[in-house]
Amino acid sequence: MLRLTWVQPEDLLGHELRQAAEDGREAGAVAARWKAAGGGGAPARAGASPQRASRYLRLLAEDLLDELADLPSRSAQDEPTELEKIKALCPHWPDRPAGDRPPATRRTRTLTLTRPPAAAPAWLEAAWLGRAVGCLLGKPVEKLPLDAVRALARSTGNWPLTGYFTARGVPGPLLAAHPWNRRSAGTSLAENIDGMPEDDDLNYPLLNLLLLQRHGKDFTTADVARLWLDELPPGRAFTAERVALRNLLCGVEPPHTARHRNPFREWIGALIRADVHGWTNPGDPAGAAEQAHRDACLTHTANGVYAAMFTAAVIAAAAAGDRDVHACLRTGLTVVPPRSRLSRAVAHAVRLAGEHPGPDGFDTVVDELHAAHRASHWVHAVPNTALIAAALTHADGDFTRSVRGAVAGGLDTDSAGATAGGVAALLAGAPAALPDHWTAPLKNRLATSVADFNGVGFDTLAHLTWSLTHREASRP
């Protein structure tokens, strides 16, 4: 039996009921009808429940998903998705740089993996490497609960995390109770690493290189949709992205693809697509946030979109040479509605990180964050963005401490690690500033199923990224 994850109606309904509780919809009557009919909750960590529901329950789930979508939300005024409404709520929205670029022209559809004439800045290669390192560190413990992440690392003397996870020395009973992520252990444990394995946290930045190369910085959400239909294998998309692809194939058009029977629309998927938008807009956090918004609206709404905008703006500030991680995080918050759940969560996380300094303080920060967000799924954008901000703040932007904190936080370990690693590596300024024991195992090689990128080096990716940035910025 094939139980495709993230699309089964009986599972989507459980996730949508949780989403309704978070965004302020009164869903009690719907939940009671579902329970009375024999429906269950959403899987806590898996992407699908083990058994298919009856035809009656599946049809009921689809009807109830549509009914939930029509319920009014108490948070709607404070958490819009439309860009102009977001800007209206942000009193400190950043100004665009003087002499802003003219409208972009369309790009050719062929991406050549050769270096452009202008040399890419060292920070850009560092950022790609840092994103890969953080992702790789988190891969084997993705989906594991916090206590399991801690126990596995401590069992090998790797706590606080100073290197990649290893199975060597882990007691058998502990590993039986908390097995490594089955998809990742063979390529991401220290003893198995041979280059950077494929992961959606790297696939989406690659797709966004294609997006900018083909459509320029004035791409539309429909351009993102067309690119995905051409280049994104559906088996490599998860949660909101998989639902959006399904919606596209069913004739649903953007931005409705983000809302139609999509309970994952405030999860982390748009955030992990944001780095390229920041890298290609150095010194222009508003431009980076607007790009991230158009990308995110294919799959996400409200706080799911804000997480991407926040991340892109943080990175754009850092890419301009601001090496103060705290200032960069403050810049990120200027593009997020201040009364939104995401803004409040990030502010709380930053405050916690300041209240609990020192090498042992971050465990307390993580415990507090888990308590504050215990009702949220471990892939939700709000707690994960808060964790990333806390890790960067507590580490003062230091690379090892940032990726260690983001992964040790025990949420979406590979995605949080990737974003924190990308930001911290950018702040470090150059590949040589990153510890060799993190970067050497990557062997300057990335595996992927996106386009013809398989085997590409991070130095080449930096040059490709810079070529897009440089061409836009250098136009008369």
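The values are calculated or read from the model by the stated rules, or taken from the named source; none is laboratory data. None of the values given here were measured: they were computed from a predicted structure. Quick reminder, even Gly has a Cβ in these numbers, built from the backbone with ideal geometry, and neighbours come from all protein chains shown. Areas reflect the complete protein model, heavy atoms only, side chains present, ligands, DNA and RNA absent. Shrake-Rupley method; radii C 1.70, N 1.55, O 1.52, S 1.80 Å.
If a residue must be small (Gly, Ala, Ser), outside any loop (DSSP other than H, G, I, E, B) and open to solvent by less than 30 Å² (accessible area, probe 1.4 Å), how many such residues does the stretch 130-188 contain? Matching residues across the stretch 130-188 total 8. Entry remark, the stretch 231-242: residues being assigned to a loop (DSSP other than H, G, I, E, B) and either buried (at least 20 other Cβ atoms within 10 Å of the Cβ) or touching a Phe, Trp or Tyr at 6+ places or on another chain (Cβ under 9 Å) (or both) number 3 in total. Regarding ARG374, is this residue open to solvent by 10 Å² or more (accessible area, probe 1.4 Å), under 17 Å from VAL141 (Cβ atoms) and either within 20 Å of the chain's Cα centre (by Cα) or not β-branched (Val, Ile, Thr) (or both)? Criteria not met by ARG374.
Taken over the stretch 199-230, residues that are touching a residue at least 60 places away in the same chain (Cβ under 8 Å), surrounded by fewer than 18 Cβ atoms within 10 Å (Cβ to Cβ) and either under 21 Å from ILE268 (Cβ atoms) or not β-branched (Val, Ile, Thr) (or both) amount to 1.
Screening the stretch 398-455 for helices (runs of 4 or more DSSP H) wholly inside it with 2 or more residues that are in contact with a Lys or Arg (Cβ under 7 Å, 6 or more places away or on another chain) returns the ranges 413-428.
Test ARG3 against the criterion of being among the basic types (Lys, Arg) and exposed (fewer than 14 other Cβ atoms within 10 Å of the Cβ), and give yes or no. Before the answer, list the steps.
Numbers: among the basic types (Lys, Arg): yes; exposed (fewer than 14 other Cβ atoms within 10 Å of the Cβ): no.
Taking the combined requirement at face value, the residue does not satisfy it.
Any residue in the stretch 47-58 that is within 16 Å of ALA240 (Cβ to Cβ) and either outside any helix (DSSP H, G or I) or basic (Lys, Arg) (or both)? Show your work before the answer.
Going residue by residue through the stretch 47-58, those that are within 16 Å of ALA240 (Cβ to Cβ) are 47-48.
Okay, now just the ones that are also either outside any helix (DSSP H, G or I) or basic (Lys, Arg) (or both), so 47-48.
Looking through the stretch 47-58, at least one residue is within 16 Å of ALA240 (Cβ to Cβ) and either outside any helix (DSSP H, G or I) or basic (Lys, Arg) (or both).
Against the list (1) more than 22 Å from GLY287 (Cα to Cα); (2) out of contact with any helix residue (DSSP H, G or I) (no Cβ under 6 Å at 6 or more places or on another chain); (3) touching a residue at least 12 places away in the same chain (Cβ under 8 Å), the condition ALA390 fails is (2). I need the full set of residues from the stretch 62-81 which are open to solvent by 40 Å² or more (accessible area, probe 1.4 Å), under 20 Å from ASN247 (Cα atoms) and within 26 Å of the chain's Cα centre (by Cα), in order please. The one that is open to solvent by 40 Å² or more (accessible area, probe 1.4 Å), under 20 Å from ASN247 (Cα atoms) and within 26 Å of the chain's Cα centre (by Cα): ALA69.
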